[in-house]
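Trainee: If you scroll down you'll find the structure; I have some questions about it.
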Amino acid sequence: MITSILSTIVPAPDALPLPAPAPVLFFLQQLTFLLHLLAMNALLGGLIITLVARIRSKGPDDHWAQLADSIAKTSPSLVAATVNMGVAPLLFLQTLMGQFFFTSSILMGWGWFSVVVVMIFAYYGTYLQSFKGASLGKSQKPILAVTVLLFLWVGFMFTNNNTLMLQVGQWAGMYFADARGLHLNLGDPQLWPRYLHMVLGAVAVGGLMLAWWGRVRHLRGDERGAFMVKVGVDNFTWLTLVNILVGLWFFMALPSDVRKLFMGGDPGASAMFGIGLVLGIGMFVLGFLARLRGPNVRLVMPTAMTVVQMIVMITMRDVVRNGFLGDLYKPAEFAVKTQMFNVVAFFVLLVGAVFTVIWMVRKLYLSWDNN
Amino acid sequence: MNYPVWELSMGAGMLIAVVSILHVFVSHFAVGGGLWLVLTEARANRQNDEEARGFVKKHSRFFMLVTLVFGAISGVGIWATIGLISPHGTSALIHGFVWGWAIEWIFFFVEIAAALVYYYGWEKLDRRTHEIVGWVYFISAWMSLFIINGIVTFMLTSGGWLENHEFWTGFFNPTFWPSVFIRSFAGFGIAGMFTLMTAANLPLGDFRTRITRWNGGWATVGIAGVMASAVWYGRSVGVWTENEALLGAIPVLPKVVALFKIGLVATISLCVIPLLLPKVWNKGLVPMLLTVGLLTMGAGEWAREAGRKPFVIQGYMYSTGMLVADEEALAADGMIAHTKWMSPESLTDEARRGQDLYAAWCQPCHTTNGYNGLAPFLAHWNEETIASLVPHLQHMRALMPPWYGTEEENAALVTHLMSMKPAEPGVMPADRQAARIKSFAISCGLCHTPNAYRSLTDFFTDMNAEEIDEFLDDAGDMADEMPGYFGTEEQRELLIEYLDAFDEVATRPGGSES
């Protein structure tokens, strides 16, 4: 009964065939999404840590101020990376799930559109911090705080859209009550824990990256390194712990039929859930032990675990998606007409691009050292 | 039909126009400016001109701040906006061209990395490597243009793709090459304009004169190139050349094209000043040049968009998402059967039925009072007039997508249109001649122009007022596609006077494009 009403509302899949088998597009979506998350975590995590550092700083030259100055220099390039790496998964998502994604975007039209405007201001905010720095004087902290808030807003809109696209049952009520694109998905119990999970995860992973950076500096005899390691590992450890709890809250906020998939309903999903928990605890324990070693931390294991954890989380996210949509979404039934030449061209160009970028960045890195 | 429609009081077209005109100006700068940077840098290196190097370096910071931030984000912004306003069109383009977009993303990736390395590499990288990075930037930026150009031009001239649905047929469509040239030259021209701005801030002197002349050269050559390739472009747009009558149907289109031409002449006239008289060039002229350039670019993009209607993808999909291939089914089943987003209340409530139909099939292009607003027309119409027009919407010269309403659906739509009517009836202009023109515009003028599209001149030249009056009684018998006449006494009198003295060219009041 419900499905019959829903199926009149849910837009039909596009009349044109997919230009590659769905699994290929799906793989690229997940892969680029992982890269996007890494960049986003470095950016958002770094900015939040910078804000805390500015607040705790007592003078222009203390540890906190040095830390904040260092990170602030990286933010603009990280925005570029985050945006660039975000475009690709969004493209593949629209190809595979446009029926859902376009619809939820329209329901939250202004909110979704706001992302563009807000991003421009937030981006310039990072350049102000990077280029002007201390010369901003009194307004340095408020500008940074606003920049962080703007990025948090962007993330919040993404969480709204990614959850609203699953709330097919709510769509008709929302749209027919008000079509002006003013909705958000605030009534969804998973919204807040999911968003919080993402933001805390970003700071934790951002902390881990900071620890790596500090470690490298320390090895080169830069005395700012040790403090970076400490702040980084602290954030990583404690926020991972908090995030395990938030993750459980997120889990409890899912509808019971989706939750059951992770509790035996779907063996693969259940295994993933178990692995995720174990990895989470493992990350915390290793982080805790790492703290004891000061600037001589060992980061390889916690980093490996974190990356695996992110892959597990991304995959679980997809199980949740399918759990919500059920029979409404059947990518296996989409018509496919593979554009073989283009697929090959894409991968060849991608390899070429990666080499070109590595070459350029390496040149810059080496020359930076010499100067 | 498939997707819900975002109700925007300003009008969907307006939002797209604002986002895209700004983006397009900056994104062309991102391409042309890249070439300007490397060539000017190389020239400075060759001539050991430290002043020029310093200028390039300084400009590159401005360049990065404008293109990486505003250019890149507003580009993503256009994409988000068309997804909101034309989800079906975006979805179709993505399905046909996702690999094009994916490859464009690769170039975007290299472009951004190169821009950052170029900027942060000043005085760090050796000069040769720095130049190479600049070239990497320009080539990848230009390749992005090349690829997006294939997709954008496809929408207007889908060409052979309609038969075979092949990626490369759609990509290298009839306007692909002229458009690549227009856009590349526009990029070089805009690069010249922006660097003229930077140059105007330099202290007066020999260097300023030199660099101003060089930048003026860029701007002039760029705009001249646009002019030449625009002629070629105009000849390649099949829908324009093969069907001139159609052009007459959209009076605003020739106007926009004319605006574009005038804009180009104005822009190039301003551009030759710094080239020929570099000493005269000053800060005061900069805003003028940039404004004229921006407006010209806007007119060009507007003409391209306007020329496409009523399609999103020429010959394949209408602006409402209706597929040409589905038309027969729609004609047979009526509209509701093909409208996903009908509210439960619409089953029983006629007004709501009309509202939902309007939202799905009219709102993509119309607003009540804003962009392409209907209220100013509805104010002058009685129910008979509206009811007579609804079954004939696709015959209006506006080139609207077909509307295959059943009798019941037409009645519902009329009910809704009546509810959009302003409380105050429309007032005719006080000036008699203006009132006559208006009376024509709100009736016959919806489908005819006096002497271009479905011309009426011949028909009415020899008729007197009485005969015209009789004609209006039976106007509905004239052609199947044509409704009867139901105007008020006042409107009718004015219309008769207008048709009787058929010599003035009527213009549509309050009309706009979508």
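Trainee: Name the residue that is nearest to B:GLU408 (Cα to Cα), counting only residues in the stretch B:332-370 that are among the β-branched types (Val, Ile, Thr) and open to solvent by 30 Å² or more (accessible area, probe 1.4 Å).
Mentor: Applying the filter and picking the extreme gives B:ILE336.
Trainee: Here is a further query. Out of (1) open to solvent by 30 Å² or more (accessible area, probe 1.4 Å); (2) out of contact with any Gly (no Cβ under 9 Å at 6 or more places or on another chain); (3) not polar (S, T, N, Q), the odd one out for B:MET14 is which?
Mentor: Exception for B:MET14: condition (2).
Trainee: When the residues of the stretch B:274-294 are filtered to those that are part of a loop (DSSP other than H, G, I, E, B) and among the aliphatic types (A, V, I, L, M), which remaining residue is surrounded by the most Cβ atoms within 10 Å (Cβ to Cβ)?
Mentor: Within the stretch B:274-294, the first condition is being part of a loop (DSSP other than H, G, I, E, B), and the residues that meet it are B:277-284.
Among the residues that remain, those that are also among the aliphatic types (A, V, I, L, M) are: B:277, B:280.
Numbers: B:LEU277: 13, B:VAL280: 10.
Per the stated criteria, the residue is B:LEU277.
Trainee: Please give the number of the condition B:THR129 fails out of (1) within 7 Å of another protein chain (Cβ to nearest Cβ); (2) hydroxyl-bearing (Ser, Thr, Tyr); (3) open to solvent by 20 Å² or more (accessible area, probe 1.4 Å).
Mentor: (3)
Trainee: Separate question: Against the condition more than 8 Å from chain B (Cβ to nearest Cβ) and open to solvent by less than 10 Å² (accessible area, probe 1.4 Å), how does A:ALA88 come out, does it pass?
Mentor: For A:ALA88, the condition - more than 8 Å from chain B (Cβ to nearest Cβ) and open to solvent by less than 10 Å² (accessible area, probe 1.4 Å) - is not met.
Trainee: If you take the residues of the stretch A:233-254 that are in contact (Cβ under 8 Å) with a residue 60 or more places away in the chain and either in a helix (DSSP H, G or I) or open to solvent by 50 Å² or more (accessible area, probe 1.4 Å) (or both), which of them is farthest from A:GLN66 (Cα to Cα)?
Mentor: In this case the residue turns out to be A:ALA253.
Trainee: Taking the stretch B:449-499 on its own, how many of its residues are open to solvent by 30 Å² or more (accessible area, probe 1.4 Å) and part of a loop (DSSP other than H, G, I, E, B)?
Mentor: First, pick out the residues of the stretch B:449-499 that are open to solvent by 30 Å² or more (accessible area, probe 1.4 Å): B:451-455, B:457-459, B:461-467, B:469-471, B:473-474, B:476-482, B:485-486, B:488-490, B:492-493, B:497.
Still in the list and also part of a loop (DSSP other than H, G, I, E, B): B:451-455, B:462-464, B:474, B:478-482, B:485-486, B:488.
The number of residues fulfilling the criteria is 17.
Trainee: Moving on to the next point. Tell me whether the stretch B:133-144 contains one or more residues that are facing chain A (nearest Cβ under 7 Å) and modelled with pLDDT of 95 or more. First the steps, then the outcome.
Mentor: Kept after step one, since they are facing chain A (nearest Cβ under 7 Å), are these residues of the stretch B:133-144: B:133, B:136.
Still in the running and modelled with pLDDT of 95 or more: B:133, B:136.
Scanning the stretch B:133-144, I find at least one residue that is facing chain A (nearest Cβ under 7 Å) and modelled with pLDDT of 95 or more, so the answer is yes.
Trainee: Those residues that are without any contact (Cβ under 8 Å) to a residue 60 or more places away in the chain and within 7 Å of chain A (Cβ to nearest Cβ), I need them from the stretch B:91-107; list them, please.
Mentor: Passing the criteria: B:SER91, B:ILE94, B:HIS95, B:VAL98, B:TRP101, B:ALA102, B:ILE103, B:TRP105, B:ILE106.
Trainee: With the requirement that a residue be part of a loop (DSSP other than H, G, I, E, B) and in contact with a helix residue (DSSP H, G or I) (Cβ under 9 Å, 6 or more places away or on another chain), what does the stretch A:319-371 give you?
Mentor: Across the stretch A:319-371, the qualifying residues are A:TYR329, A:PHE334, A:THR338, A:GLN339.
Trainee: The conditions are (1) at pLDDT below 75; (2) touching a His at 6+ places or on another chain (Cβ under 6 Å), and B:GLU481 fails exactly one of them. Which is it?
Mentor: Failing condition for B:GLU481: (1).
Trainee: Next up: Could you list, in sequence order, all residues of the stretch A:6-39 that are open to solvent by less than 30 Å² (accessible area, probe 1.4 Å) and facing chain B (nearest Cβ under 9 Å)?
Mentor: A:ILE9, A:VAL10, A:PRO11, A:LEU16, A:LEU18, A:PRO19, A:ALA20, A:LEU25, A:LEU28, A:THR32
Trainee: Now a separate question. Which count do you get for residues in the stretch B:152-174 that are open to solvent by 70 Å² or more (accessible area, probe 1.4 Å) and assigned to a helix (DSSP H, G or I)?
Mentor: 2
A quick yes/no check of all residues on (1) modelled with pLDDT of 95 or more; (2) within 11 Å of another protein chain (Cβ to nearest Cβ); (3) in contact with a Cys (Cβ under 8 Å, 6 or more places away or on another chain):
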residue: B:ILE21; (1), (2), (3): no, no, no
residue: B:GLY32; (1), (2), (3): yes, no, no
residue: B:LYS58; (1), (2), (3): no, no, no
residue: B:THR81; (1), (2), (3): yes, yes, no
residue: B:GLY89; (1), (2), (3): yes, yes, no
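Trainee: Looking at A:LEU78, is it open to solvent by 40 Å² or more (accessible area, probe 1.4 Å), assigned to a helix (DSSP H, G or I) and away from chain B (no Cβ under 11 Å)?
Mentor: For A:LEU78, the condition - open to solvent by 40 Å² or more (accessible area, probe 1.4 Å), assigned to a helix (DSSP H, G or I) and away from chain B (no Cβ under 11 Å) - is not met.
Trainee: Still on this structure, please answer the following. For the stretch B:184-235, how many residues meet the condition of being among the polar types (S, T, N, Q), under 27 Å from B:SER140 (Cβ atoms) and surrounded by fewer than 22 Cβ atoms within 10 Å (Cβ to Cβ)?
Mentor: 2
Yes/no per residue for (1) more than 10 Å from every other protein chain (Cβ to nearest Cβ); (2) open to solvent by 10 Å² or more (accessible area, probe 1.4 Å); (3) out of contact with any Ser or Thr (no Cβ under 8 Å at 6 or more places or on another chain):
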{"position": "A:THR103", "(1), (2), (3)": "no, no, yes"}
{"position": "A:LEU107", "(1), (2), (3)": "no, no, yes"}
{"position": "A:VAL118", "(1), (2), (3)": "no, yes, yes"}
{"position": "A:ALA134", "(1), (2), (3)": "yes, yes, yes"}
{"position": "A:LYS138", "(1), (2), (3)": "yes, yes, yes"}
{"position": "A:GLY173", "(1), (2), (3)": "no, yes, yes"}
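Trainee: Follow-up. Looking at the stretch B:380-435 only, could you name the residues that are in contact with a Ser or Thr (Cβ under 6 Å, 6 or more places away or on another chain) and over 22 Å from B:GLY315 (Cα atoms)? Working first, answer last.
Mentor: Looking only at the stretch B:380-435, we keep the residues that are in contact with a Ser or Thr (Cβ under 6 Å, 6 or more places away or on another chain), and these are B:401, B:420.
Across the stretch B:380-435, the qualifying residue is only B:MET420.
Trainee: Among what's in the stretch A:120-131 and is at the interface with another protein chain (Cβ under 8 Å from one of its Cβ atoms) and open to solvent by 10 Å² or more (accessible area, probe 1.4 Å), pick the residue that is farthest from B:TRP101 (Cα to Cα).
Mentor: Looking at the filtered set, the residue picked out is A:TYR124.
Trainee: Continuing with this model, one more query. I'm checking my understanding of the structure. Among residues of the stretch A:335-365 that are surrounded by 12 or more Cβ atoms within 10 Å (Cβ to Cβ), more than 28 Å from the chain's Cα centre (by Cα) and more than 7 Å from chain B (Cβ to nearest Cβ), which one is farthest from B:GLY134 (Cα to Cα)?
Mentor: My answer is A:VAL336.
Trainee: List every residue pair whose Cβ atoms sit under 6 Å apart, with the two residues 6 or more apart in sequence or on different chains, where the first one lies in the stretch A:43-67 and is not assigned by TED's automatic domain parsing to the domain that holds A:MET198 and open to solvent by 60 Å² or more (accessible area, probe 1.4 Å) and the second, anywhere, is of a type outside the set (Asp, Glu) and in a helix (DSSP H, G or I).
Mentor: Cβ pairs passing all conditions: A:ARG56/A:TRP64; A:HIS63/A:PHE227.
The values are calculated or read from the model by the stated rules, or taken from the named source; none is laboratory data. This one's a predicted model, so the numbers in the text were calculated from it and none came from an experiment. All Cβ positions, even for glycine, are placed from backbone atoms using ideal geometry, and neighbour counts span all protein chains on display. What goes into the accessible areas is simple: the full protein's heavy atoms, side chains included, and nothing from ligands, DNA or RNA. Shrake-Rupley method; radii C 1.70, N 1.55, O 1.52, S 1.80 Å.
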